[in-house]
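I have placed the structure first, in the form of structure tokens, so that the comments after it can refer back to it.
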Amino acid sequence: MNQGQPGPAQPQLAFAQLQLAAQLFDASSATSIDTPGWGHAEAYLALGRELQARGDQLGARNWIEKSLIAAPDYKAAQRQLALLVRR
């Protein structure tokens, strides 16, 4: 197999890593000097989008809303939530 092409286990591994990143952000302090300001919101939105793509609308909405709690002015999360609600 070519190293540039994902194998069947890679999407599942990437999803698990995304979940871990969101959990780590969740456990960290948003005010810590070591925590990037938008890292929480971006990880939460990415997880929400992935859950939406997997058909988990409720899980997607929860994570997208959590993204907006972390960064209320995050336009990408606002758009994603609007798209999700329209369905």
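Brief remarks on what is shown
- Take each peptide in 11-17, 56-62, 66-72, 41-47, count the other Cβ atoms within 10 Å of every residue, and average; sorted highest first, the result is 41-47, 66-72, 56-62, 11-17.
- Computed from label points 7 Å out along Cα-Cβ, the spacing between Gln10 and Val85 is 3.7 nm.
Bear in mind these aren't lab numbers, they're just calculated from the coordinates by the rules spelled out. Values in this document were obtained by computation on a predicted structure and should not be read as measured data. Here Cβ is always computed from backbone atoms with ideal geometry, including for glycine, and neighbour counts include all displayed protein chains.
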